[in-house]
Amino acid sequence: MVACLLPVLLAGCSLLGGGSREPVTTYSPMVETRTDDAWPAVDWQLTIVPTTAPRVVDSPRISVRRHPSELQVYAGSVWAQPATELVELALLRTFEASGRIPAVATSGAGIRADYKLVLDLRRFEADYAGRDIPQATIELGARLLHNHDQRVVASRTFLQTVPAGNTAVESVVGAFEQALAQVSHDVAGWTLVSGDGDAGRPAMSAPRPQR
């Protein structure tokens, strides 16, 4: 019953996997870094702004959606970090492993960034979607901004789903590892291509004053 006091009020505090007295297992996803030799090598630097998310999404609890309007959590199972931090870490590692950008860091790291990546995590859940087996679902909005004039260079929504092998929490976590790897790959590649295209544009000259 203690779990029912969670402020997120997840579907009337319905928990999967038994009572609240069972031991808690903490899962720290091991995310494979996936890069692409076709990505452009850029000469600009990037900061990743702290990811925003609804409170129900940005939580260490592992969310599961059995029915479209009902969000629950797995009992006795938590992430080692909130969902937003898991996404940021996977994305940072992908950029670093690519070797295509001289510097990338989260805000406050002290680098002089030319562009910044603004992320909005909308879904991070195991979704049954009418099936017998859930699928890890990550929905992420992304905007690439020029850091000096705050101009929006590009924006896109990324949706990644990976079916779990079965209904066990361990299998669901494995599906999240694959989903994180793929969405990080997609966001990193899109960011490099979009920023490279913007940096390569001819500089716009200031309009001449009219007489």
For the chain, longest principal axis from Cα atoms; helix 83-98 axis from its Cα atoms; angle between them, nearest 10 degrees, is 50
Please build a GNM for the chain, connecting alpha carbons under 10 Å apart, and tell me which residue among Arg143, Arg122, Arg61 fluctuates the most. Arg143
Rounded to two decimal places and with Rh computed the Kirkwood way over Cα pairs, what is Rg over Rh for the range 43-150? 1.06
Ignoring ligands, DNA and RNA, please state the percent of accessible area on the chain from carbon and sulfur, probe 1.4 Å. 50
GNM on the chain, Cα springs under 10 Å; top mean-square fluctuation among Arg100, Arg66, Arg55 goes to Arg55
Not counting ligands, DNA or RNA, and with a 1.4 Å probe, what is Glu170's accessible surface area in Å² rounded to the nearest 10? 110
Regression test value, accessible area per residue of the chain, probe 1.4 Å, units Å², expected 53
Interchain or long-range residues, amide H under 5 Å from Leu71's placed H: Ala11
Rounded to the nearest 10, the angle in degrees between the Cα long axis of helix 169-199 and the longest principal axis of the Cα atoms of the chain comes to 10
Which of Ser77, Ser107, Ser98 fluctuates most in a GNM of the chain (C-alpha springs under 10 Å)? That residue is Ser107
Cα coordinate range in the chain, projected on the principal axes (Å, largest first): 75, 40, 34
Amide H of Asp114: which non-local residues (sequence gap of 5 or more, or other chain) have their own amide H closer than 5 Å, using H built in the peptide plane? Gln45, Leu46
For Gln135, enumerate residues with amide H under 5 Å from its amide H, sequence gap 5+ or separate chain, H modeled in the peptide plane. Asp127, Tyr128, Ala164
Ile101, Ile48, ranked by accessible area, largest first (probe 1.4 Å): Ile101, Ile48
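The values are calculated or read from the model by the stated rules, or taken from the named source; none is laboratory data. Quick caveat: nothing in here was measured; it's all calculated off a predicted structure. For the accessible areas, the whole protein counts, side chains as well, though only heavy atoms, and no ligand, DNA or RNA atoms are used. Shrake-Rupley method; radii C 1.70, N 1.55, O 1.52, S 1.80 Å.
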